[in-house]
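Report on the structure given below.
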Amino acid sequence: MSVVRTGRWKVWAAAVAATLVGVTLPTVAATPASATTTAYDTTYYKDAIGKTGTSLKSSLHTIISSQSKISYDAVWNALKVTDQDPNNTNNVILLYSGVSRSKSLNGGSVGDWNREHTWAQSHGNFGTSAGPGTDLHHLRACDVQVNSTRGNKDWDNGGSPVSGAPGAYTDSDSFEPRDADKGDVARMILYMAVRYEGDDGWPDLEPNESSTNGSVPFHGRLSILKQWNQQDPPSAFEERRNDVIYNTYQHNRNPFIDHPEWIEAIW
């Protein structure tokens with residue numbers, strides 16, 4: 001089932017309008033959780049509708065924690081479906097670079113694609129075990145070399161251009177994806193922060209403002225991720241991916257693809 005939106009982000013729209021007319025944007029309160037309507041609001045999200053802050057986060061955690069887990073080996077074939085190029089069913093679209101590459105070129109060699117954990121494994125030390133290490137909502141197909149460049153860095157703006165990923169930048173402790181992937185990354189990272197709250201044997205994953213988190217169960221920078229979420233709204237590719245993961249694999253959803261305004265409502 002595809003998500004149907006009947007609302008838009010009030011904050012994002014106001015920011016764009018203000019930019020166009022050259023005026024200073026006044027302070028805007030967090031967008032209410034009811035600002036967008038989807039086909040899942042009366043069923044899947046019914047216990048979250050109308051809530052904000054910690055109450056919304058807690059409700060969403062309960063909802064999305066009902067999840068089927070897959071093995072790390074199974075992720076290979078799953079990504080061939082979730083990340084399929086809509087214009088070429090033999091290929092997948094790679095995160096950070098936007099390149100369309102043959103599904104058969106999965107592996108660890110130069111020219112291959114592999115499995116990128118947007119929430120780096122070392123930020124919580126969860127490895128590749130079933131759970132956060134295999135959660136398709138933050139795993140994406142990615143060029144092997146670009147994946148290596150990103151490493152376990154936090155998220156921030158700036159740095160030097162990334163070879164193989166035009167529009168992406170990196171420095172010693174952070175990575176900035178290209179504009180078309182900024183919102184994707186933000187929504188994947190903040191999904192992880194809601195899904196994994198430390199109550200199921202895994203660390204409590206949380207966003208913060210640091211870009212030097214290393215091995216602690218945090219990822220930064222929250223303020224930048226919030227900007228990226230507003231800058232790059234959910235695409236048809238993201239929405240289809242969310243549906244495939246829900247219907248075929250994990251049977252849970254990324255609520256921030258369905259309701260991107262909930263990021264502001266929580267944080």
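Is it the case, given these coordinates, that Gly201 is open to solvent by 10 Å² or more (accessible area, probe 1.4 Å), at positive phi, of a type outside the set (S, T, N, Q) and modelled with pLDDT of 95 or more? The answer is no for Gly201. In this structure, is Asp243 in contact with an Asp or Glu (Cβ under 8 Å, 6 or more places away or on another chain), open to solvent by 10 Å² or more (accessible area, probe 1.4 Å) and closer than 24 Å to Asn91 by Cβ? Judged against the criteria, Asp243 is not a match.
Here is a yes/no grid of residues against (1) open to solvent by 40 Å² or more (accessible area, probe 1.4 Å); (2) among the small types (Gly, Ala, Ser); (3) within 30 Å of Lys46 (Cα to Cα):
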position: Thr62; (1), (2), (3): yes, no, yes
position: Ser66; (1), (2), (3): yes, yes, yes
position: Ile70; (1), (2), (3): no, no, yes
position: Asn77; (1), (2), (3): yes, no, no
position: Gln84; (1), (2), (3): yes, no, no
position: Asn90; (1), (2), (3): yes, no, no
position: Leu94; (1), (2), (3): no, no, no
position: Ser97; (1), (2), (3): no, yes, no
position: Gly111; (1), (2), (3): no, yes, no
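Tell me yes or no: at least one residue of region 60-73 is modelled with pLDDT of 95 or more and aromatic (Phe, Trp, Tyr). Within region 60-73 (the criterion being modelled with pLDDT of 95 or more and aromatic (Phe, Trp, Tyr)), the answer is yes, since at least one residue qualifies. Can you spot a residue in region 29-36 that is part of a loop (DSSP other than H, G, I, E, B), exposed (fewer than 12 other Cβ atoms within 10 Å of the Cβ), of a type in the set (A, V, I, L, M, F, W, C) and modelled with pLDDT under 95? Looking for residues that are part of a loop (DSSP other than H, G, I, E, B), exposed (fewer than 12 other Cβ atoms within 10 Å of the Cβ), of a type in the set (A, V, I, L, M, F, W, C) and modelled with pLDDT under 95, one finds at least one in region 29-36, hence yes.
Taking the stated definitions as given, is Ala165 within 14 Å of the chain's Cα centre (by Cα), hydrophobic (A, V, I, L, M, F, W, C) and under 22 Å from Phe237 (Cβ atoms)? Against the criterion (within 14 Å of the chain's Cα centre (by Cα), hydrophobic (A, V, I, L, M, F, W, C) and under 22 Å from Phe237 (Cβ atoms)), Ala165 does not qualify.
If you go through region 143-170 and keep only what is assigned to a loop (DSSP other than H, G, I, E, B) and either within 20 Å of Gly127 (Cα to Cα) or open to solvent by 60 Å² or more (accessible area, probe 1.4 Å) (or both), you end up with Gly151, Asn152, Lys153, Asn157, Ser163, Pro166.
The values are calculated or read from the model by the stated rules, or taken from the named source; none is laboratory data. What you are looking at is a predicted structure, and each value in this text was computed from that prediction instead of being measured. Positions of Cβ are backbone-derived with ideal geometry, glycine not excepted, and every protein chain shown enters the neighbour counts. To get the accessible areas, we keep the full protein, side chains included, count just its heavy atoms, and leave off ligands, DNA and RNA. Shrake-Rupley method; radii C 1.70, N 1.55, O 1.52, S 1.80 Å.
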